[in-house]
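The block underneath contains the structure these notes are about, expressed in structure tokens.
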Amino acid sequence: LSSARHGGAGVLQSENVLELTSEPLDINRYFKVVEDKTTGAVASFQGIARDRFEGKKVARLEYEAYHAMAICQLTEICREMRMKWPVRKIAIGHRTGKVEVGEPSVIIVVSSVHRREALEAVDFSINEIKKRVAIWKKEIYEEGDGMWKENEEFYHLRDRLGAA
Amino acid sequence: LSSARHGGAGVLQSENVLELTSEPLDINRYFKVVEDKTTGAVASFQGIARDRFEGKKVARLEYEAYHAMAICQLTEICREMRMKWPVRKIAIGHRTGKVEVGEPSVIIVVSSVHRREALEAVDFSINEIKKRVAIWKKEIYEEGDGMWKENEEFYHLRDRLGAA
Amino acid sequence: MPAKIKVRVLFFALVKELLGKAATTMELDEGTDTARLLQLLTTKFPALKSISGSVMIAVNREYVYSPVRINNGDEIAFFPPISGG
Amino acid sequence: MPAKIKVRVLFFALVKELLGKAATTMELDEGTDTARLLQLLTTKFPALKSISGSVMIAVNREYVYSPVRINNGDEIAFFPPISGG
């Protein structure tokens, strides 16, 4: 289990828990992490491995990450969340390696005093992860073949910034 | 534990689990309820009893519900969610009676094929609950006094529709 | 003399506290509306006066925002602004 | 003859599969930019040609969207469009 806690100046980066792990994700651990006496709201999002893609039966997913870059990017996303909303604690976990159908590949949990911040921050962060975090997904089909996927959200970002 | 499953025409009301209960809410039970092979996204919201209000220390909350009306309203909110978004399953639980600081008073869990629907449906439903569901909260302070609260969201709705 | 109807009347939260009861059954003149029923209750329970401006009314589990005629067997609820969530 | 710099080059996902390796260390002429490095790699690994239009480049863990000069000790990564979440 690879875990990273990041300190940062100005914002409470110490209150972020960011994980890239080949172990199954446990949302209850993240709920514990974001507990806080001042918390009035906890919002969460889980991306779940689906069993089919355009009619093809998916046997499992395989995720690969550029760990160092992905953790930097997740840290930056947390920083941006805290600039936009007064959220309390943030926990983000993303699987690497094999993920079975029905298992979460990504979990985001955010706590805040009032509900709006937590809800909007969760929405923002899953979109930003899809747009830019250096993680790749391969769908392995029951017929044995596989396909590396590409996030639409990434293309929107790239089209704005220009290709390499 | 009072539980209600509602059948309805046209929409998959059978896929809603709605509970008003004096027992602690268990989000893991709701996560189980919304599990589905076609699910790619699970979003949740928990409203948590906070420890203070405008500087006063809150000892606990006490919730009261007009059960029959509240369940009808929650069913209607689910129906509206399904008209707006192709969500898969919905679980909503709300406490009645005493709720200790740190405990969830309300939990909403929604599953869908893609993430947008689940995220937007959770956001919508907590707002609608605050606006119109026949439930009341009393804050009991550590000094022993208490106060019945009123949701701002309710006033916005009432101002639009006219007072009784 | 007008015919009589019978209704179940429910009170919640602060209204229940002020009235000291959660429910009652009342006999009303046929044609009574919700505004008149609130008047009758306020006469019977003067404590209600302090919040009568903000009391909400539901007839058969639906909010009513202007006076509606009450029918025999209706369930009429009186309560303060809601605060769930 | 220009001075030499040494860089760490990483490959991910489909790029890694096409190249058959996850990482390599390369010696480059000082002044080489990321576009030139991609050319060099494509010559060395012709399989890369099939996706060279969509290959993304990161220098020291930051995306670069136009050619940048490479410095000694840089970590350069080549990968396809991302698909996390």
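Couple of notes before you dig in:
- Mean Kyte hydropathy of -1.0 or more with a Cα span along the axis of at least 15 Å, helices from DSSP in chain A: A:67-84, A:115-132
- Each 10 Å bin from zero holds the following percent of Cα-Cα pairs in the range A:73-130: 23, 51, 21, 5.
- Length-normalised contact order of the range D:4-79 in % [C-alpha pairs under 8 Å, at least 6 apart]: 45
- Closest approach of a chain D beta carbon to the axis mapping chain D onto chain C (residue, whole Å): D:Gly85, 15.
- Set of aspartates and glutamates near A:Lys98 by C-alpha distance (under 18 Å), chain-local residues within fewer than 8 positions excluded: A:Glu19, A:Glu23, A:Asp26, A:Asp51, A:Glu62, A:Glu64, A:Glu139, A:Glu142, A:Glu143, A:Asp145, A:Glu150, D:Glu17
- Per the axis that maps chain A onto chain B, nearest residue of A (Cβ criterion) and its distance in Å: A:Ser44, 2
- Only Cα pairs under 8 Å and 6+ residues apart enter the sum, and on that basis the relative contact order of chain A stands at 29 percent.
- Dimensionless Rg/Rh of the range B:24-131 - Kirkwood Rh, Rg from C-alpha atoms: 1.01
- Based on DSSP H segments of at least four residues, each scored -39500 (n - 2.57), chain B has a per-residue ellipticity at 222 nm of -10500 deg cm²/dmol.
- Cα gyration tensor shape for the range C:35-85, rounded if a/c is under 1.5, else prolate or oblate: oblate
- Note: relative contact order over the range A:60-134, using C-alpha pairs below 8 Å and six or more positions apart, is 40 percent.
- Label-point spacing for A:Glu35 across the identical copies (point 7 Å from Cα in the Cβ direction), in nm and ascending order: 2.4.
- Formal net charge of residues neighbouring C:Val7 (Cβ-Cβ distance under 13 Å; K, R +1; D, E -1): -1
- Reference-scaled alpha-carbon Rg (2.2 N^0.38 Å with N residues) for the range A:106-164: 1.50
- The slack in the chain from B:Tyr155 to B:Ser22, taken as 0.36 nm per residue of separation less the alpha-carbon distance, amounts to 45.2 nm.
- With the convex hull drawn over the C-alpha atoms of the protein assembly as shown, the volume per residue is 161 Å³.
- With label points set 7 Å from Cα along Cα→Cβ, the inter-copy distances at C:Gly53 are 7.0 nm, sorted shortest first.
- Each copy carries a label point for A:Ala68 at 7 Å from Cα along the beta-carbon vector; from one copy to the others these points are 6.8 nm apart, nearest first.
- Alpha-carbon Rg with Dmax, taken over chain C, Å: 12.3, 47
- Relative to the dominant Cα principal axis of chain D, helix D:34-44 is inclined by about 70°.
- In chain C, helices alone account for a calculated mean residue ellipticity at 222 nm of -6000 deg cm²/dmol, with every DSSP H run of four or more residues adding -39,500 (n - 2.57).
- Sites D:Thr25 and A:Arg116 - FRET efficiency at Förster radius 35 Å, r taken between beta-carbons, to 0.05: 0.10
- Between A:Glu54 and D:Tyr65, the FRET efficiency estimated from the beta carbon spacing at R0 = 45 angstrom works out to 0.90.
Every number here is computed from the coordinates shown, using simple stated rules; none is lab data. The structure displayed is predicted, hence computed values, not measured ones. No Cβ is skipped: glycine too gets one built from the backbone with ideal geometry, and neighbour counts run over all protein chains shown.
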